[in-house]
Amino acid sequence: MKRERWQQLKSVFNRALEMDPARRALFLDQACAGDDMLREEVEALLASHDEADGFLEQPAFEVAAKLIDHDSGDLLPGSRLGPYSVSKKLGEGGMGVVYLAVDTRLGRPVAIKALAPQHTSDVEHRERLRREARVAATLSHPSIATVYALEEHDGNLYIICEYVRGQTLHEELAAGPLPPLRLLDTAIEVGRALAAAHEQGIVHRDLKPENVIRTPEGALKILDFGLARFQAIRPGDSLMPTRLTKAGMFLGTPAYASPEQLLGLEVDFRTDIFSFGVMLYELASGIHPFAASDSVATIARILEAEPADLAHIGPIVPPGLDAIVRRCLRKSPDQRFGSARELVAELERIKHEFAEVPTARKQDKVITASPARATMLHPLWWWQFHQAWIGFMYYAMLYPMWQVKVWTPGYRGPLFFFLSLGAVGVAANLRLYLWFASGFYPDELAELRHRVAPWIRWADVLFISLLLIGSIAIIGSHEVIATLLIGIAIASLGAFLLIEPTTARAAFDNNKTGPSPSRP
Amino acid sequence: MMEKHPAADQRPVSDFMPVVYDELRRLARHYLRRERPGQSLQATALVNEAYLRLKRDQRQPWHDRTHFFAIAATSMRQILVERARARHAAKRGGSQIRITLSEAVAAPDEMSIDLLALDQALTRLADLDPEHARIVELRFFAGLSIEESAEAMAISPATVKRGWNLARAWLKRELQKAGRSEA
C-alpha cells in the first residue's frame, strides 16, 4: 500500500466511523465513487473495527512484566520442562536455582540447574555454554555426576544432571577433619575422577568441598565438572559475563582458586591440582590453608603465602601427606604434580605405608609426622603443662608465706600475707584460666593471652619482690626458710624470664604464616 | 526492524534501552511479588514509577517524559518480540509461536496474539503512517491511556482516538490475513 492510498483510506474510514452506521453505505458510495478497491478496503476495516473490541486493549506491558519475571527461569513444582516434571526446588547454587525433577521418559530423578538470566541474553555466550555443556556431557565416570543435557525452554537455559543425594565434603568438614584412612580414601577417589576427566581434556576449574558429595552408600561424586563457566555473576556485574569469561577469568569461589586462575592467566588441569591441594589440606586439618579475614586477604595469601606445616596444626596426619599437599599447592603450575594420575599414585603409596603400620603404633607414627619432630611432644602441650604447674606452685607457696606472716610482728605480717595472696590469686588464676581456655576456646586463646599478659607480669613481679622482702624480714630468726625463699624467688625469676617465654614461643610462634583457625 | 522505526530522538533507542529495560524489569518483579490474586498489574503505574526513578539519575539520556515513554514502549515491544522468538526457537519444528495472553494473565476469553506477526504488521504500519504505529506502541506496549498517549505525542486525544481505531482495525485485519496464509 502506498502512503497516499493510506491517507485516502484514513480519511474515509475516520469519517465513516463517526457516522451513524445506517448512513455509512450512502457515504461510502459518494466517498469512494468509482474506487471499488478503496470501498472494499474501508468496509473490511470497518468490519474489523466492529469485532476488534478488546483487541490490544490489555497492554502488552502487563504480559511482558509477567514474561520478564519468568526470565529467571523459575520453575514451579509440578510444572513441566520438556520431558522433565519438576518436583521441588532444592536450593540455590553457584549457577542459579537447582530443582529436583523426574525424567518422565526413564522415570529417574534428575537435578535441573536453571542458569542465571545473564546467560540467556548474550548469543555468543550462550553458544559457548552450549559447547561446554556438550563437552561436560561426554564425561562418564562413577565419581563424577553426569551431565545429561542442556535444555532451552522459553529462552532460558537449564542444565540437566544426575541427581546425587548425600552430604557434601563441606558439610562433612563441619564435624572436623577426616580421620587419616578416610581422608586418604576420599583423596584417592576424588583424585582418580580428576585423572579420568583430565585425560579426556576436561578441567573442573571450581573444585571445592561443596562440589564433592558423599552418597549414603559411601561413594563420592564430583559435581559440576566442566561447568565452571556457568557460574552466576553477582548482580551489578551486568557487563561482566562476556568480558570475564572471554578472558578466561575466574568466577567461582576464590578460596579454592589457583594463583593462575586468580591472576586471570591461562589455566589447565593443574589448576584442579591446586584446588585439590587446598581441599586436601582442609580435610586433613579442618583448617583452610589460606584462611584470612576476608576474600581479598585470602586471595593475597593464595598468591603469596606458604601454608603452615600440616604436621604442626593437624591433629592426626598420615606421614608423607604434608609433602604431597605442599606439592599440589606450589604457586607455579610447573612445580605441581605433572598429572592427577601421578598424584593418585603418591596418595596410594602413603596409604599403603600407613595401612602397614601396626594399629598400636599408628598413633605414635601419626603424631610424629615429620622426622625432625620424632622425639618431641606437641609444643602446645609443654606450654599447657607449664601454665598448670606454675598455677599450682603458686598456691603451694601460700604456706611458707603464711609462716612468714606468723613470724612477723605487728601489722606488717598480715599486710605481707594479703599482698602475697593478691599476687598469687592474680598470677595463678589467670594462668589456670589460660590453661583451661587453651583446651576449650582455642580460637580465642591468642587474644586472651594478649589481654591477661600484663596482669600476670605484674603479679609475678610483686610476688618475687614479696618473697625477697619476706626472706629478709625473717633471715635473723629463720635462716633456713629465708634461704629457701630466696632460692624460690630466683627460680621463679628464671621460670618467668626464660622457661615460660620459651614454651609460649614454641606453642604459638612457630609458624608466623600460620593460618588463623577461622574459615574464610 | 528497529532501523525503520522512527525514533523520537536522533540517538538510537537501543543505546539506552538496557537502562529502561533493567528498571522496568526490576519494578515488574517488585510489583508481581506483592501482587494480590485477581489484581492485575498496572502498566501505567509501572512505567510512571520507572520514569520517576530514572529521572533522578542525572545522566538520563532522554529529554522528557514523552521521550521516555517512547523508549519504554519500544523496549517493551522488543522484549516481547525477543521472547516470542526465543520461544519459537525453543520449539523448533513446532508451529506454536503464539504468546497466549491468557496464559500469563488470568482473563477468561482473552484472545491469543501472534506477537511476531503483530510486530511485522506494526513495522509495515510505521512505513505507512509513523504516527499510528507510535500510538499503538504507546497504548499497547507501554499501557498508556488515550489521554496519556495524546500528552506524550503532543497531539489531541481525539486524534489519538481516531488513530487508535484505525490502526487497531487495520492490524487486526493484517493479523487475520497472516493467520489465513499460515493455515
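Observations on the structure shown:
- Packing-based order for A:175-183, A:335-343, B:67-75, using average beta carbon neighbours within 10 Å, highest first: B:67-75, A:335-343, A:175-183
- In terms of distances greater than 19 angstrom between alpha carbons, the cross-link table entries A:LYS208/A:LYS351; A:LYS10/B:LYS161; A:LYS88/A:LYS221; A:LYS221/A:LYS351 yield A:LYS208/A:LYS351; A:LYS88/A:LYS221; A:LYS221/A:LYS351.
- The stretch between A:ASP36 and A:GLU306, if pulled fully straight at 0.36 nm per residue, gains 88.1 nm over its current Cα-Cα span.
- Charge sum, other residues only, whose C-beta stays under 14 Å from A:LEU497's C-beta, Lys/Arg counted +1 and Asp/Glu -1: 0
- Taken along the Cα-to-beta-carbon direction at a fixed 7 Å, the label points for A:ARG105 and A:GLU217 span 2.4 nm.
- Take each residue in A:43-56, count the other chain C-beta atoms within 10 Å of its C-beta, and the mean is 5.
- Förster-model FRET efficiency, 25 Å R0, A:ILE469 and A:THR502, C-beta, rounded to 0.05: 0.30
- In terms of packing, defined here as the mean over residues of other Cβ atoms within 10 angstrom, the peptides A:204-215, B:151-162, A:457-468, A:276-287 line up highest first as A:276-287, A:204-215, A:457-468, B:151-162.
- For A:LEU90, the residues 5 or more places off, or on other chains, whose built amide H falls under 5 Å of its own are A:VAL98, A:TYR99, A:LEU100.
- Take each residue of peptide A:15-22, count the partner chain Cβ atoms within 10 Å of its Cβ, and average: the result is 1.
- Segment A:VAL480-A:ASP185, length gained on full extension (0.36 nm per residue, minus Cα span): 99.7 nm
- Each Lys and Arg contributes +1 and each Asp and Glu -1, all at the Cβ; summed about the Cα centre of region A:3-51, the dipole is approximately 220 debye.
- Applying 1/(1 + (r/R0)^6) with R0 = 60 Å to the Cβ-Cβ distance of A:ILE490 and A:ARG130 gives a FRET efficiency near 0.15.
- Look at the stretch B:135-145: the mean tally of other chain Cβ atoms within 10 Å of its residues' Cβ atoms is 3.
- Ordering A:CYS161, A:CYS32, A:CYS328 from the fewest to the most neighbouring beta carbons within 10 Å gives A:CYS32, A:CYS161, A:CYS328.
- The convex hull of the Cα atoms of region A:379-508, projected and averaged over all directions, covers 7.4 nm².
Just so you know, all these numbers are worked out from the coordinates, no wet-lab data involved. In this text, all values refer to a predicted model and were calculated from it rather than measured experimentally. Quick reminder, even Gly has a Cβ in these numbers, built from the backbone with ideal geometry, and neighbours come from all protein chains shown.
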